Amino acid sequence: MIRWRYLVMLVALGMGLLSSNAVAGSAPLADLPDGSYQFCSEPDPQDWRVGAGACLNFIKQGSTIEGYYGYPHSSEFVCLRGQVSEQVFHGQGAIALWEGETYLDFPEQPFNWGPEGRLSLSQGEIAGGKELLKELLKELPENLENWMFFQSATLNLDGLTAYTSPLMTPPAQLCDGPF
């Protein structure tokens with residue numbers, strides 16, 4: 001009986017009769033099988049966009065996930081690596097510092113990244129140390145690319161919508177360097 005329901009659900013999903021929400025339900029993220037996933041704060045727009053709202057694109061292996069959380073079609077994202085339990089990710093994070101960005105005044109205390117308040121980052125440190133970065137900025141203000149690391153990152157995944165397959169750039173292409 002269970003296999004029959006599963007088959008019917010897969011056929012209905014393939015025909016577009018069910019949304020990805022119906023598949024995701026409220027099952028804990030920790031219970032998902034190993035694989036690649038995308039969860040977003042808004043449903044799949046079903047158009048040219050690769051996601052809507054804030055999205056987590058990740059690869060899950062056991063209780064470990066590696067990926068990134070951010071906004072589709074932007075350079076605003078945080079690379080993540082760590083463990084997941086129920087609907088919460090705990091681990092490390094890294095923000096890419098693009099040309100011209102400095103982030104010299106990053107908060108020393110935990111802070112929420114993004115307007116949703118789902119991702120909390122703390123214990124930040126710029127690769128090479130803050131003083132080294134200040135020295136580099138005096139000489140190379142326009143050409144600096146670096147990473148800001150956070151020893152603690154916590155992401156609340158409750159209420160995110162599971163997409164049927166990842167649409168965003170694979171995590172390995174954006175987050176290959178920091179970890």
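Per-structure values
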| item | result |
| --- | --- |
| Candidates Leu104, Leu140, Leu133, filtered to the one that is in contact with a helix residue (DSSP H, G or I) (Cβ under 8 Å, 6 or more places away or on another chain) and at pLDDT below 60 | Leu104 |
| Residue match in segment 41-56 (condition: within 20 Å of Gln87 (Cα to Cα), modelled with pLDDT of 50 or more, in a strand (DSSP E or B) and open to solvent by less than 70 Å² (accessible area, probe 1.4 Å)) | yes |
| Qualifying position, being at pLDDT 90 or above, open to solvent by 30 Å² or more (accessible area, probe 1.4 Å) and under 20 Å from Gly51 (Cα atoms), among Arg118, Arg81 | Arg118 |
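The values are calculated or read from the model by the stated rules, or taken from the named source; none is laboratory data. Here the structure is a predicted model, which means the values were calculated and not measured. Here the Cβ is made from the backbone with ideal geometry for all residues, glycine too, and neighbour counts use every protein chain on show. Remember, those area values only see protein heavy atoms, side chains included, never the ligands or the DNA or RNA. Shrake-Rupley method; radii C 1.70, N 1.55, O 1.52, S 1.80 Å.
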